[in-house]
Amino acid sequence: MQLNVEFPSVAYREGPEAIIRMAQAIERIGYDRIEIFDHVVMGYNIDGREPVRYPAKMPIMEALVTLGLIAGVTRRVGLGTEVLVLPQRDPTLVAKQISTLDTLSGGRMRLGVGVGWQPAEYEALGFRYTNRGKRMDEAIEVVRACLRDETITHFGEHYTLNAIAMEPKSPQGAGLPIWVGGNTPPAFSRIGRLGDGWLASQVTDADMAANAFEQIALAAGKAGRDPQALGYQAMIAPPPRAGDDAAKGFYSDHTRVADRAAALQEMGFHAVALNATAIFQSGARSVDAMADALEGLHEAITATL
């Protein structure tokens, strides 16, 4: 079972060298992948706006730029997004950025994508929120074409690429994995039809996981794809929302975290992700403290599994 870490943007508060120290510690401990979550802006709660999930001033480093730094100071650990909100970005540019990161990291990139949940962010970036699902499907096709084809041509409802080239092709090329996040029936269909794996953020129980696996497999089969070739990753626990004091201490109990990882493995997940921002909230309030916690958690999880 792979053990991955969702990188804590809060590390920036200790300076750029702290980002490097955090990334190198995760690699040294033995984790399999460093992932960055994506929000460009966060909205305030105002009248007429859907309530936001996290504080507007939550510090979030830009995902792909941060991965560029991490790629340059690590050598083994895999890299990825968990998840990039693809429909609020131009997919051709994303393909170039991901291909470049794959090239500069020696083929260590995985692209994780999702449709997002924040209308205010789409509005700020100049993209429609209401058709994000349809644009997501087409955007994945555009990214794959850019990674794969020598001559790229795509005439779709939302994107047009007319006889262009994108070079150099990265080490993984068309094989660069694209995993999809989301916990809804449209997301499960998208994973089966278009994705290489599922990035699950919150799995409530084994029945929920089994139902999701079934929907994904059904969609894959209808699309002529092999369901057995798909991968499955679940976050052990996301950052607690405001007022959820009980969840804030979850990552401080290493036995509880290890037991949760074992339960997710039993459900059928091939990988788990530890959220280092939630580790910060649990009491590890510095880069060194987070690294120590991650080392202890890695030992506990590997011993349990």
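Restricting to the range 183-213, and then to whatever is acidic (Asp, Glu) and in contact with a helix residue (DSSP H, G or I) (Cβ under 9 Å, 6 or more places away or on another chain), can you tell me which residue is surrounded by the fewest Cβ atoms within 10 Å (Cβ to Cβ)? Full working, then the answer.
The initial filter retains those residues of the range 183-213 that are acidic (Asp, Glu), namely 196, 205, 207.
Now restrict to residues that are in contact with a helix residue (DSSP H, G or I) (Cβ under 9 Å, 6 or more places away or on another chain): 196, 205.
Numbers: Asp196: 18, Asp205: 10.
Restricting to residues being acidic (Asp, Glu) and in contact with a helix residue (DSSP H, G or I) (Cβ under 9 Å, 6 or more places away or on another chain), the top hit is Asp205.
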Sort through Arg193, Arg148 and tell me the only one that's closer than 30 Å to Thr204 by Cβ and either more than 18 Å from the chain's Cα centre (by Cα) or modelled with pLDDT under 95 (or both).
-> Arg193
Please work out if Ile216 is in contact (Cβ under 8 Å) with a residue 24 or more places away in the chain, within 18 Å of Pro91 (Cβ to Cβ) and not basic (Lys, Arg).
-> no
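Could you go through the range 54-66 and let me know if any residue there is touching a helix residue (DSSP H, G or I) at 6+ places or on another chain (Cβ under 8 Å), surrounded by fewer than 16 Cβ atoms within 10 Å (Cβ to Cβ) and at pLDDT 95 or above.
Taking every residue of the range 54-66 in turn, none turns out to be touching a helix residue (DSSP H, G or I) at 6+ places or on another chain (Cβ under 8 Å), surrounded by fewer than 16 Cβ atoms within 10 Å (Cβ to Cβ) and at pLDDT 95 or above.
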Condition test on Ala163, is it in contact with a strand residue (DSSP E or B) (Cβ under 7 Å, 6 or more places away or on another chain) and without any contact (Cβ under 8 Å) to a residue 40 or more places away in the chain?
-> yes
With respect to Arg49, determine if the residue is touching a His at 6+ places or on another chain (Cβ under 8 Å) and either in a loop (DSSP other than H, G, I, E, B) or touching a residue at least 24 places away in the same chain (Cβ under 8 Å) (or both).
-> no
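Sort out which residues of the range 41-65 are of a type in the set (Val, Ile, Thr) and either in contact with a Pro (Cβ under 6 Å, 6 or more places away or on another chain) or over 23 Å from Pro240 (Cβ atoms) (or both), and write them in order of number. Full working, then the answer.
First, the residues of the range 41-65 that are of a type in the set (Val, Ile, Thr): 41, 46, 52, 60, 65.
Within the range 41-65, Ile46, Val65 qualify.
The values are calculated or read from the model by the stated rules, or taken from the named source; none is laboratory data. A quick note: this is a predicted structure, and the numbers were derived from the prediction, not measured. Backbone-built Cβ (ideal geometry, glycine too); neighbour counts: all protein chains shown.
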